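Chemist: This structure is in structure tokens; I'll ask about it shortly.
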Amino acid sequence: MDPAITSELSKFDDDIPFRAVTNHTQSTWARTFHSSPELYIQPQSIVEVEKVVNLARRCRRRIATVGCGHSPSDITCTSSWLVNLDKFNKILSVDKEKCVVVMQSGIRLFTVGDELDKVGLAMPNLGSINDQSIAGAISTGTHGSTLRHGILSASILALKITLANGKTETCSPTQNEELFRAALISLGALGIIVEITFQAVPAFTLAWKQVVNTDLSMFNAWNKDLWTQTEFVRVWWFPYTRRAVVWTAEKTELAPRPPPKSYYDAWLGYHVYHNLLYAAQYVPRILPWIEWFVFGMQYGFPNGSTTSAIQPSRQALLMNCLYSQFVNEWAIPIHKGPEALRRLSSWLNHLTPEDPDYVPHGIPFSADGLWVHAPVEVRVSQTSNSTTPRPHLDPTCTEEATLYLNATLYRPYNMDPPCRARYYQGFEYLMRELGGKPHWAKNFDATGREIEEMYGEKLLEWRKIRNDADPEGIFVGEWHRRYIMGEGRRLALEEVEVGRKKLWKGGVLITGEVQDDGGLSGNTSEESFDHLRESDVTVKG
């Protein structure tokens, strides 16, 4: 450890642990990005988190916070201090009558599900996976697929967040509401969320089924009952076969019944698909055949093929993400869904006016020689009728339900697919033209200026709250500057990216640096620290 850090640490006259190690390498789950933080810190209490923040300011270091690293982007990469809350993961209290649960922020969603199940409760909704920490899921706008629920943030009743001055603030719809709205989707740039009060529901079981059919049948049902037939609905669309799997689930009192077992839907299928994707790295034109074969083996070849099961919600709502992947997901108005998918199909399949499924795609990039992976995941949420405070950086629609289109590209054996740049270029052009906004945790290439145009005053409001709470940028990194911090001056403790290196094992190693300017307004670091620590006002205005 740097002797300067050791010296500053010795000035803390307390018995509060500082659980830090050196020589740690942090990688995303998908191994898309890697970084080597100076310190990797795992606090186990709020006072330990506060000590980390206070020490970081004295030592002029930036802090990034990470959970499971499931985001495939570089949002948590740092060469400074990385805080991981995996050991700050307890359920603190449960009110069974009101279904209100208080928990530490590092708890993973799968642990939340297991612990709630023990007392007859459940989360009202889940995304496709439950590996994330509760704080990470909130901070990036995680959602499921249902028109009867909003994003995960809608279930948060209150939270505590440790800010740059080392103080932990409580916020909720009735207490410090603007801080609450900024913290619900904070992207790690506001502070460290340490405690969450969550609105659970009585535990429930889902009877689900998935049906294979043409995508035309899906389009024909779009404005009828596709999204309203059951409480939970999601779709996987396969552009080359022009078919779709519609998954529906409704609550039931029936006894659980596991999904049917298939010899393919296990070890064999996992490795067959992986190696076929690997072969397509060198011969991309075989991808349509691969998707036809894998689709049929997984879901059934004939139209009308159906699979069903009855499972607890914490199992039924999940899916297997399979392999390392890039994920580019955008939120658009739900009524534009058929247009988006038809235009994407015309582009990828080179459809001509003679084809009954043809529509002008309007994408100004060539799809010649472009072969992509499938499926495109299609999900929905409803926040336009929400009565809870809306996060400033909420990407969902305010006038109607929201549709999410998720273009996933696998990285077989951690190799980047050759189609990525052009596929995402065309996909994002289409999403922007349809009024879309990118999912914060995914891989997108929209510019900071485009993000400003999408969010307008809401982004400016969020920046003001963030800058008031953290004027030196102790929680700001290169990702934040690139997308949401604007073109203003760099902050004193803001981390700047100074290098990128492709690794032979796959992914990119990112190196950063804190270019400390000596503190705010020419103050020394000690003066700046003491000014913030003694302040009674955390968020102005």
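The values are calculated or read from the model by the stated rules, or taken from the named source; none is laboratory data. Worth saying up front: this structure is predicted, and the values here are computed from it rather than measured. In this analysis, Cβ positions are derived from the backbone assuming ideal geometry, glycine residues included, and neighbour counts consider all displayed protein chains. Note: areas computed on protein heavy atoms with side chains; ligands, DNA, RNA excluded. Shrake-Rupley method; radii C 1.70, N 1.55, O 1.52, S 1.80 Å.
Chemist: Mind checking whether some residue in region 300-309 is closer than 30 Å to Gly150 by Cβ, surrounded by fewer than 19 Cβ atoms within 10 Å (Cβ to Cβ) and among the small types (Gly, Ala, Ser)?
Modeler: yes
Chemist: What about Trp330, is it touching a residue at least 24 places away in the same chain (Cβ under 8 Å), open to solvent by less than 20 Å² (accessible area, probe 1.4 Å), touching a His at 6+ places or on another chain (Cβ under 6 Å) and not acidic (Asp, Glu)? First the steps, then the outcome.
Modeler: Working: touching a residue at least 24 places away in the same chain (Cβ under 8 Å): yes; open to solvent by less than 20 Å² (accessible area, probe 1.4 Å): yes; touching a His at 6+ places or on another chain (Cβ under 6 Å): no; not acidic (Asp, Glu): yes.
It is false that Trp330 is touching a residue at least 24 places away in the same chain (Cβ under 8 Å), open to solvent by less than 20 Å² (accessible area, probe 1.4 Å), touching a His at 6+ places or on another chain (Cβ under 6 Å) and not acidic (Asp, Glu).
Chemist: Ok, one more. Tell me the strands (runs of 3 or more DSSP E) entirely within region 165-218 that contain at least 2 residues that are at pLDDT 95 or above and surrounded by 21 or more Cβ atoms within 10 Å (Cβ to Cβ). I'd like the intermediate steps shown before the answer.
Modeler: On the way: elements: 168-171, 192-199, 205-214.
Passing ranges, in order: 192-199, 205-214.
Chemist: Okay, next question. Enumerate the pairs (first residue in region 259-278 and under 18 Å from Pro375 (Cβ atoms); second residue anywhere and among the hydroxyl-bearing types (Ser, Thr, Tyr) and loosely packed, with under 12 Cβ neighbours inside 10 Å) with beta-carbon separation below 9 Å, excluding pairs fewer than 6 apart on the same chain, so at least 6 apart or on different chains.
Modeler: Note: pairs meeting the criteria are Gly269/Tyr263.
Chemist: So, of the residues in region 57-81 that are of a type outside the set (Ser, Thr, Tyr) and more than 24 Å from Ile134 (Cα to Cα), which turns out to be nearest to the chain's Cα centre (by Cα)? Write out each step before concluding.
Modeler: The initial filter retains those residues of region 57-81 that are of a type outside the set (Ser, Thr, Tyr), namely 57-64, 66-70, 72, 74-75, 77, 81.
Now restrict to residues that are more than 24 Å from Ile134 (Cα to Cα): 57-61.
Working: Arg57: 28, Arg58: 31, Cys59: 31, Arg60: 29, Arg61: 26 Å.
Filtering first and then ranking leaves Arg61.
Chemist: Looking only at residues in region 219-261 that are under 21 Å from Ile310 (Cα atoms), over 28 Å from the mean Cα position of the chain (by Cα) and not hydroxyl-bearing (Ser, Thr, Tyr), which one is most open to solvent (accessible area, probe 1.4 Å)?
Modeler: The initial filter retains those residues of region 219-261 that are under 21 Å from Ile310 (Cα atoms), namely 226-236, 245-261.
Adding the requirement that they be over 28 Å from the mean Cα position of the chain (by Cα) leaves 252-258, 260-261.
Next, from what is left, pick out any that are not hydroxyl-bearing (Ser, Thr, Tyr): 253-258, 260-261.
Values: Glu253: 182, Leu254: 112, Ala255: 73, Pro256: 88, Arg257: 106, Pro258: 97, Pro260: 83, Lys261: 200 Å².
Per the stated criteria, the residue is Lys261.
Chemist: Another question about this same structure. Collect the residues in region 310-327 that are hydrophobic (A, V, I, L, M, F, W, C) and surrounded by 16 or more Cβ atoms within 10 Å (Cβ to Cβ), keeping them in residue-number order. Show your work before the answer.
Modeler: Initial filter on region 310-327 (hydrophobic (A, V, I, L, M, F, W, C)): 310, 316-319, 321-322, 326-327.
Ile310, Ala316, Leu317, Leu318, Cys321, Phe326, Val327, listed by residue number.
Chemist: Turning to a different aspect of this structure: Select from region 466-484 the residues that are over 20 Å from the mean Cα position of the chain (by Cα) and open to solvent by 10 Å² or more (accessible area, probe 1.4 Å) and list them in ascending order.
Modeler: If the condition is that a residue be over 20 Å from the mean Cα position of the chain (by Cα) and open to solvent by 10 Å² or more (accessible area, probe 1.4 Å), then Asn467, Asp468, Pro471 are the ones that fit.
Chemist: In region 86-102, how many residues are open to solvent by less than 10 Å² (accessible area, probe 1.4 Å) and over 22 Å from Ala154 (Cβ atoms)? So that I can check it myself, show each step before the final result.
Modeler: Taking region 86-102 as the starting set, the residues that turn out to be open to solvent by less than 10 Å² (accessible area, probe 1.4 Å) are 88, 101.
Subset that is over 22 Å from Ala154 (Cβ atoms): 88.
Total meeting the criteria: 1.
Chemist: Does region 21-31 contain at least one residue that is more than 23 Å from Glu478 (Cβ to Cβ), surrounded by fewer than 18 Cβ atoms within 10 Å (Cβ to Cβ) and in contact with a strand residue (DSSP E or B) (Cβ under 6 Å, 6 or more places away or on another chain)?
Modeler: Going through region 21-31, the residues more than 23 Å from Glu478 (Cβ to Cβ) turn out to be 21.
Subsequent filtering for residues that are surrounded by fewer than 18 Cβ atoms within 10 Å (Cβ to Cβ) retains 21.
Pick out the ones that are also in contact with a strand residue (DSSP E or B) (Cβ under 6 Å, 6 or more places away or on another chain) and you get 21.
Taking every residue of region 21-31 in turn, at least one turns out to be more than 23 Å from Glu478 (Cβ to Cβ), surrounded by fewer than 18 Cβ atoms within 10 Å (Cβ to Cβ) and in contact with a strand residue (DSSP E or B) (Cβ under 6 Å, 6 or more places away or on another chain).
Chemist: Quick one: how many residues across region 48-72 are touching a strand residue (DSSP E or B) at 6+ places or on another chain (Cβ under 7 Å), open to solvent by 10 Å² or more (accessible area, probe 1.4 Å) and more than 20 Å from His439 (Cβ to Cβ)?
Modeler: Total meeting the criteria: 3.
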